[in-house]
Amino acid sequence: MLYLQHMTRSLDDIDFTVMGRTCFGHTARRTANLLTRHYNRHMAPVGLELTQAQLLAVIADGSAPSASAIARYLGIDRSTLARNLKPLEAAGLIRRCETGGRTVLPVLTPVGEAKVIEIHEAWTRAQTELSTLLGPEGAEAVRGHMSALRKAVHILEDEDKEAASGGD
């Protein structure tokens, strides 16, 4: 663990410019906001935002065995997933399918299937624009660095959980 060598005495002791330039969270959030705007511009003609498009694509994939698995894959909690499913269901893009027991899985309707085809076309245009600018090596480097950052955060989360449980 890293420890501060001295305690900050006042706001004058803090270099906020360095904080902003070096903070992984700030950089990731700024980048995510820019990327979301880029993809949303392409999704606008489809009538959806990126978050809705991603959710429909995960549902279309069909490999998630439960709503909980969909939420985990998207990195959101179940209540957020439920909120995001409601407008898609109201628009007739998905329906709830009971798969046995208490498990209810969202599935695409025929209208939803057609919408996912439109989503894929819009996504392909957005993805191609970025990939072209970055080049193959640049695109792969970005994905690799983002993966490494996610892995580092997972390690720290696991360490926190272990410490909270007393190291058992």
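So here's what we get for this one:
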item	result
Residues being under 15 Å from L93 (Cβ atoms), of a type in the set (A, V, I, L, M, F, W, C) and more than 11 Å from the chain's Cα centre (by Cα) - total across segment 31-61	9
Count of residues meeting criterion [open to solvent by 90 Å² or more (accessible area, probe 1.4 Å) and either more than 27 Å from the chain's Cα centre (by Cα) or of a type in the set (F, W, Y) (or both)] in segment 157-168	1
Complete set of residues in segment 97-110 that are surrounded by fewer than 12 Cβ atoms within 10 Å (Cβ to Cβ) and under 22 Å from L50 (Cα atoms)	P110
Filter result for the condition that a residue is farther than 21 Å from N40 by Cα and surrounded by 13 or more Cβ atoms within 10 Å (Cβ to Cβ), over A67, A57, A91	A67
Any hit, segment 75-82, residues being free of Cβ contacts under 8 Å to residues at least 24 places away in the same chain, in contact with a Gly (Cβ under 9 Å, 6 or more places away or on another chain), of a type in the set (V, I, T) and open to solvent by 40 Å² or more (accessible area, probe 1.4 Å)	no
Which listed residue, of A91, A32, is aliphatic (A, V, I, L, M) and closer than 24 Å to V153 by Cα	A32
Test for H154: is it open to solvent by 70 Å² or more (accessible area, probe 1.4 Å) and at pLDDT 95 or above	no
Residue within segment 97-114 that is at pLDDT 95 or above and of a type in the set (G, A, S) present	yes
Residues satisfying the stated conditions in segment 37-51, i.e. open to solvent by 50 Å² or more (accessible area, probe 1.4 Å), in a helix (DSSP H, G or I) and at pLDDT 95 or above	R37, R41, A44, P45
Tabulated pairs, segment 119-134, first under 12 Å from A53 (Cβ atoms) and among the small types (G, A, S), second open to solvent by 90 Å² or more (accessible area, probe 1.4 Å) and in a helix (DSSP H, G or I), C-beta under 7 angstrom, 6+ apart or interchain	A122/P45
Sole exception among (1) farther than 22 Å from A60 by Cβ; (2) in contact with a Leu (Cβ under 9 Å, 6 or more places away or on another chain) for E162, by number	(2)
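The values are calculated or read from the model by the stated rules, or taken from the named source; none is laboratory data. Note that the structure is a prediction, hence the values are computed from the model and not measured. Counting neighbours? That spans all protein chains shown, and the Cβs are built from the backbone with ideal geometry, glycine included. Just so you know, the surface numbers come from the protein's heavy atoms only, side chains and all, with ligands and any DNA or RNA stripped out. Shrake-Rupley method; radii C 1.70, N 1.55, O 1.52, S 1.80 Å.
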